[in-house]
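Trainee: For reference, the structure I am asking about is given below.
The values are calculated or read from the model by the stated rules, or taken from the named source; none is laboratory data. Bear in mind the structure is a predicted one, so any value in this text is a computation, not a measurement. Note that each Cβ is placed from the backbone with ideal geometry, even for glycine, and that neighbours are counted across all protein chains shown.
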Amino acid sequence: MDQDIRLVFPEVRKCIARISFCREGETKELRHMVIPGIVVAVDTDGSATIVANPVFFKMCPEFKLSFPNDTAAGYEKERKLFSTMVDYRDKFCTFKLKPEVNGFVQPAKIETKPLKAADYADAFIFPRKDFITPAAYCKGGVVNGTEAKTEVMLESASHEYAYLGSPIFNRNGALVGISYADIGCLIAWTTQELRDDVLKHLSGISYVSDGIPVEQAPVQQN
């Protein structure tokens, strides 16, 4: 049964890192950008594999990242990193980094059950305000999406730059997609596309089906 989204938010935020960029030469309003990084695996030594939208990594030589934690601030101190450490896939990019404190950061649960129209889904975003920003949900629902599709349209509250890799979660707190475009509603790659592009190359992925853990994601045919 779907839960109230407020109940799963504390767990969901454990798999979302904050990635920020400073784009030289842009206006003040466009200079600082913040996007989510999704933790999809955590090694035994605590190192986290992060998936993100590749757009700004290709534009900026440096970026900063902070992992979530259980402090009042909600996130660790930012660390400066270089885009040369990023591995570019077809639709996503990945990189690995270890949080300052082991144990709090957890990998996202990857939903394998296909989405369908009218399913509830919510986008996790970082409102871009004063560079360092809190996290929030944009509530929405699936406009279309079938088992044969690798992308879905999410009817969600419009938000500036929410399309740049915002993770989409169902009401059980499982990842169901990652946004990549905004045409009045968010368009997101499904986790099938994420699996084909990234996850099949990794181990230790937390797959679920309708919220119930499964050993591995079933292969879906288009």
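Trainee: For the subset of segment 70-92 comprising residues that are surrounded by 13 or more Cβ atoms within 10 Å (Cβ to Cβ) and touching a residue at least 40 places away in the same chain (Cβ under 8 Å), which member is nearest to Ala17 (Cα to Cα)?
Mentor: Residue satisfying both the conditions and the ranking: Tyr75.
Trainee: Here is a further query. Which of (1) at pLDDT below 85; (2) exposed (fewer than 13 other Cβ atoms within 10 Å of the Cβ); (3) more than 20 Å from Pro167 (Cβ to Cβ) is the odd one out, the single condition Arg23 does not satisfy?
Mentor: (2)
Trainee: Could you check Lys80 against (1) part of a loop (DSSP other than H, G, I, E, B); (2) more than 19 Å from the chain's Cα centre (by Cα); (3) basic (Lys, Arg) and say which number it fails?
Mentor: So the condition that Lys80 fails would be (1).
Trainee: Go through segment 193-213 residue by residue and tally those that are assigned to a loop (DSSP other than H, G, I, E, B), surrounded by fewer than 17 Cβ atoms within 10 Å (Cβ to Cβ) and modelled with pLDDT of 90 or more.
Mentor: Qualifying residue count, segment 193-213: 1.
Trainee: Could you tell me which residue of segment 46-66 is surrounded by the most Cβ atoms within 10 Å (Cβ to Cβ), considering only residues that are farther than 21 Å from Val198 by Cα and touching a Lys or Arg at 6+ places or on another chain (Cβ under 9 Å)?
Mentor: Phe63
Trainee: Scan segment 41-69 for residues that are aliphatic (A, V, I, L, M) and touching a residue at least 60 places away in the same chain (Cβ under 8 Å) and jot them down.
Mentor: Ala41, Val42, Val51, Ala52, Val55
Trainee: While we're on this one: Whether any residue in segment 93-102 is hydroxyl-bearing (Ser, Thr, Tyr), closer than 14 Å to Ala17 by Cα and not in a loop (DSSP other than H, G, I, E, B) is what I want to check. If you could, list the steps in order and put the result at the bottom.
Mentor: To start, the set of residues in segment 93-102 that are hydroxyl-bearing (Ser, Thr, Tyr) comprises 94.
Retained after the next criterion (residues that are closer than 14 Å to Ala17 by Cα): 94.
Going one step further and asking which of them are not in a loop (DSSP other than H, G, I, E, B), we end up with 94.
Yes, the conditions are met somewhere in segment 93-102.
Trainee: List, please: which pairs have Cβ atoms under 8 Å, are six or more places apart or on different chains, and start with a residue in segment 17-40 that is over 19 Å from Glu76 (Cα atoms) and end with one that is assigned to a strand (DSSP E or B) and modelled with pLDDT under 85?
Mentor: Note: pairs meeting the criteria are Arg23/His32; Arg23/Met33; Arg31/Cys22.
Trainee: Would you mind listing the strands (runs of 3 or more DSSP E) fully within segment 135-192 where at least 3 residues are modelled with pLDDT of 85 or more?
Mentor: Values: elements: 136-144, 151-156, 167-169, 175-182, 186-190.
Here the list reads 167-169, 175-182.
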